[in-house]
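Everything on this sheet refers to the single structure shown next.
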Amino acid sequence: MPGRRSGDRRTSQSQSRSIVDNFRRGDKIQVFSAGRQLDGNGTFIRAEGGFLVWEDNSGNRNTTSLESISVRRLRKRNC
């Protein structure tokens, strides 16, 4: 399509951003990359500039690109 390149950052960032639009600070989450879970469960902090900022269960703050991940919110009973 004219005006739309597959590598268009604006398009990919807005699509990535929509992944986490319904998450709130403090939500318990699981983060997956290429179908594999990254470092167990964690806590959602924010999404900013195409990155997910979250804290894992060891207390480490992580910044992960939204380009290649999936995020799942955990219900209370799954935490």
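The table below gives the values:
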read-out: Tally of residues being at pLDDT below 95 and farther than 17 Å from ARG75 by Cβ across the stretch 33-45; value: 6
read-out: Of all residues making up the stretch 58-71, the number that are in a strand (DSSP E or B) and in contact with a Lys or Arg (Cβ under 8 Å, 6 or more places away or on another chain); value: 0
read-out: Some residue of the stretch 6-21 being polar (S, T, N, Q) and at pLDDT 85 or above; value: no
read-out: Count of residues meeting criterion [modelled with pLDDT under 90 and within 12 Å of GLY26 (Cα to Cα)] in the stretch 52-74; value: 0
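The values are calculated or read from the model by the stated rules, or taken from the named source; none is laboratory data. Computed from a prediction, not measured in an experiment: that's the story for all the values here. Every residue, glycine as well, gets a Cβ built from its backbone with ideal geometry; the counts of neighbours run over all protein chains shown.
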